[in-house]
Amino acid sequence: MRFVLRFRAALVPMLGVLLAVAMQPPASAEEGTTVFSDTSRIASIGGSITEIVYALGEEGRLVARDSTSNYPEAAAKLPDVGYMRALSPEGVLSVNPTGILALHGSGPKEAVDVLKKSSVPFIEVPDHYDHEGILEKIRIVGKALGVEAKAQKLATETDVKLAAAEKQTAAIKERKRVLFVLSTQGGKILAAGGDTAADGIIKLAGAVNAVEGFSGYKGMTDEAIVSARPDVILTMKGGGPPISEDELFANPAVASTPAGTNRKMISMWGGYLLGFGPRTAEAIHDLAVSLYGNQVTD
């Protein structure tokens, strides 16, 4: 009898969530939504999404943001619903949004599924790590908020800036090989392969990703690090424990590479470097200058 009572008590929180979902209209009611019918209280999930909303001058519509949305500084005043990859449906819905604007990759999947089945319209914004992907983001966010003309203007301005930033390294013949290191915890090098924001920004800055043969972020063996022959190690700040330059170059495999020999490491703020939003043209320029110095042309 006691086991049954304890089992029933444990079920109460779960049943509350399931009941809330069950009482909502079917998911098909909101499938394919591209424009919010009510834009008065929008929850923005994803740093670049929030940046775009501010760049459009539509920040007055925001009622909440996720913890990666720390630019501009004014965004920090909004209620924080948690890290975009570790959302809780209750946390997001607690701010009573009239719409949820979420960057692709938000999660976990179970939480996103619950949000999509709620009565609150949910629009997912693709995240492609290239020039056109940034423009697509801007247009989708603008359409969702009903400000397509503003979005087109911002997209056009951003397009010009991106093209100019990419052109700055066009004449450089010897391309730097860059290894993006996400973490060195436990002495293991976790690096960025293809189909990542790090891979995208490295290419836009006129360099070459030193890692080949895999997508996403994976641990590298000592042999793989040596074979990658990076000229530069790229890391980010603000995304977890900082990577120590001394610790990084104390790794024998890293120390044996050209980057290790020359102790060449570049560290930039994560949201700025990997956000793929309105500031990416500036990030491309800054990374290119750090890589090539006065070879970068204005």
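Below, the figures for the structure above:
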quantity: Residues located in the stretch 220-258, provided they are among the hydrophobic types (A, V, I, L, M, F, W, C), farther than 29 Å from TYR71 by Cβ and assigned to a helix (DSSP H, G or I); calculated: ALA224, ILE225, VAL226, ALA228, PHE249, ALA250, ALA253, VAL254, ALA255
quantity: Single residue of the stretch 95-117 satisfying the filter (of a type in the set (A, V, I, L, M, F, W, C) and farther than 14 Å from ARG41 by Cβ) that is nearest to the chain's Cα centre (by Cα); calculated: LEU103
quantity: Filter pass, TYR83 being free of Cβ contacts under 8 Å to residues at least 24 places away in the same chain, touching an Asp or Glu at 6+ places or on another chain (Cβ under 8 Å) and within 21 Å of TYR272 (Cβ to Cβ); calculated: yes
quantity: Qualifying residue in the stretch 201-208 (condition: at pLDDT below 95 and assigned to a loop (DSSP other than H, G, I, E, B)); calculated: no
quantity: Unmet criterion (only one of (1) under 26 Å from ARG139 (Cβ atoms); (2) free of Cβ contacts under 8 Å to residues at least 40 places away in the same chain) for MET265; calculated: (1)
quantity: Pair list, Cβ under 8 Å, 6 or more apart: the stretch 37-60 residue closer than 12 Å to ILE123 by Cβ and modelled with pLDDT of 95 or more, other residue among the aromatic types (Phe, Trp, Tyr) and in a loop (DSSP other than H, G, I, E, B); calculated: ILE42/PHE36
quantity: Test result for LYS161, charged (D, E, K, R) and under 23 Å from ALA43 (Cα atoms); calculated: no
quantity: Scan of the stretch 163-175 for residues that are surrounded by 21 or more Cβ atoms within 10 Å (Cβ to Cβ) and part of a helix (DSSP H, G or I), ordered by number; calculated: ALA165
quantity: Yes/no for LEU248 being in the same structural domain as VAL181 (by TED's automatic domain parsing) and within 23 Å of GLY206 (Cβ to Cβ); calculated: no
quantity: Number of the exception - VAL141 against (1) in a helix (DSSP H, G or I); (2) surrounded by 20 or more Cβ atoms within 10 Å (Cβ to Cβ); (3) in the same structural domain as ASP222 (by TED's automatic domain parsing); calculated: (3)
quantity: Failed item, numbered, when GLY187 is tested on (1) at pLDDT 95 or above; (2) over 21 Å from the mean Cα position of the chain (by Cα); calculated: (1)
quantity: In the stretch 148-164, the residues that are out of contact with any Ser or Thr (no Cβ under 8 Å at 6 or more places or on another chain) and of a type in the set (A, V, I, L, M); calculated: ALA149, ALA151, LEU154, ALA155, VAL160, ALA163, ALA164
quantity: Condition met for GLY213 (free of Cβ contacts under 8 Å to residues at least 40 places away in the same chain, on the phi > 0 side of the Ramachandran plot, assigned to a helix (DSSP H, G or I) and assigned by TED's automatic domain parsing to the domain that holds GLY260); calculated: no
quantity: Options LEU190, LEU204, LEU154: the member that is closer than 27 Å to ARG85 by Cα and either assigned by TED's automatic domain parsing to the domain that holds GLY46 or surrounded by fewer than 21 Cβ atoms within 10 Å (Cβ to Cβ) (or both); calculated: LEU190
quantity: From the options VAL160, VAL120, VAL147, VAL178, residue that is more than 19 Å from the chain's Cα centre (by Cα), surrounded by fewer than 16 Cβ atoms within 10 Å (Cβ to Cβ) and modelled with pLDDT of 95 or more; calculated: VAL160
quantity: Hits in the stretch 60-90 (condition: outside any loop (DSSP other than H, G, I, E, B) and out of contact with any strand residue (DSSP E or B) (no Cβ under 9 Å at 6 or more places or on another chain)); calculated: GLY60, GLU73, ALA74, LYS77, PRO89, GLU90
quantity: For VAL92: the one exception among (1) within 12 Å of the chain's Cα centre (by Cα); (2) touching a residue at least 24 places away in the same chain (Cβ under 8 Å); (3) over 23 Å from SER215 (Cα atoms); calculated: (1)
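The values are calculated or read from the model by the stated rules, or taken from the named source; none is laboratory data. Since this is a predicted model, take the numbers as computed values, not measurements. Reconstructed Cβ throughout: ideal geometry from the backbone, glycine too, with neighbour counts over all protein chains shown.
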